[in-house]
Amino acid sequence: MIRNAIQRFMYGRYGNDQLNMALLVLYLALYLIYFFTGFDPLYWISFAVILFALFRMLSRNPARRRAENAKFLKVAGPAIQWFRLRRTIHRDKEHCYFKCPNCGQMLSVPKGKGKIRVTCPKCHAKMETRS
């Protein structure tokens, strides 16, 4: 019953996206800094950030919210992709990662295979590397 009420309330509303997640992280960071320092303006700034995130989440103008998110991803997208790649490289113990010297594409090869010949799927350059 409550679930249906929440679903009906959220119907036609924008919901959550990457910009909202970044705003929530910013809110938490600002609030924690305020909590430990007691610097009152940080409380009000964090309050404004969480209100903006709630406004975006409950908005009934999805085209505008998608445009805002696209602008955010255009600016923050490369940094997000870089962190995701670093996390993948750190977690993956079965592959070696390196960049293609011709086009810069990130390539992975299985570890422990010795010297192997690799073809880049993007530029089709051939190279030899150790795994």
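Numbers below:
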| read-out | value |
| --- | --- |
| Residues of segment 1-44 that turn out to be under 11 Å from R56 (Cβ atoms) and touching a Ser or Thr at 6+ places or on another chain (Cβ under 8 Å), as a count | 2 |
| Of residues in segment 96-107 being open to solvent by less than 60 Å² (accessible area, probe 1.4 Å) and not aromatic (F, W, Y), the one farthest from L73 (Cα to Cα) | C96 |
| Matching entry among Y27, Y14 (being within 19 Å of the chain's Cα centre (by Cα) and not in a helix (DSSP H, G or I)) | Y14 |
| All positions within segment 1-37 that are touching a residue at least 12 places away in the same chain (Cβ under 8 Å) and basic (K, R) | R13 |
| Long-range neighbours under 9 Å by Cβ, at least six apart or interchain, first residue part of a loop (DSSP other than H, G, I, E, B) within segment 96-116, second of a type in the set (S, T, Y) and surrounded by 11 or more Cβ atoms within 10 Å (Cβ to Cβ) | K111/S131; G112/S131; K113/S131; G114/S131 |
| Residue tally, condition free of Cβ contacts under 8 Å to residues at least 40 places away in the same chain and either of a type in the set (K, R) or in contact with a His (Cβ under 7 Å, 6 or more places away or on another chain) (or both), over segment 38-65 | 1 |
| Any chance L73 is in a helix (DSSP H, G or I) and surrounded by 13 or more Cβ atoms within 10 Å (Cβ to Cβ) | yes |
| Residue tally, condition out of contact with any helix residue (DSSP H, G or I) (no Cβ under 8 Å at 6 or more places or on another chain) and either outside any helix (DSSP H, G or I) or surrounded by 12 or more Cβ atoms within 10 Å (Cβ to Cβ) (or both), over segment 36-47 | 2 |
| Options R117, R91; residue that is open to solvent by 70 Å² or more (accessible area, probe 1.4 Å), closer than 28 Å to M21 by Cβ and of a type outside the set (V, I, T) | R91 |
| Lone unmet requirement of (1) small (G, A, S); (2) exposed (fewer than 12 other Cβ atoms within 10 Å of the Cβ); (3) under 22 Å from the mean Cα position of the chain (by Cα) for A53 | (2) |
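The values are calculated or read from the model by the stated rules, or taken from the named source; none is laboratory data. Keep in mind that this is a model prediction, so the values were computed, not measured. No Cβ is skipped: glycine too gets one built from the backbone with ideal geometry, and neighbour counts run over all protein chains shown. For the accessible areas, the whole protein counts, side chains as well, though only heavy atoms, and no ligand, DNA or RNA atoms are used. Shrake-Rupley method; radii C 1.70, N 1.55, O 1.52, S 1.80 Å.
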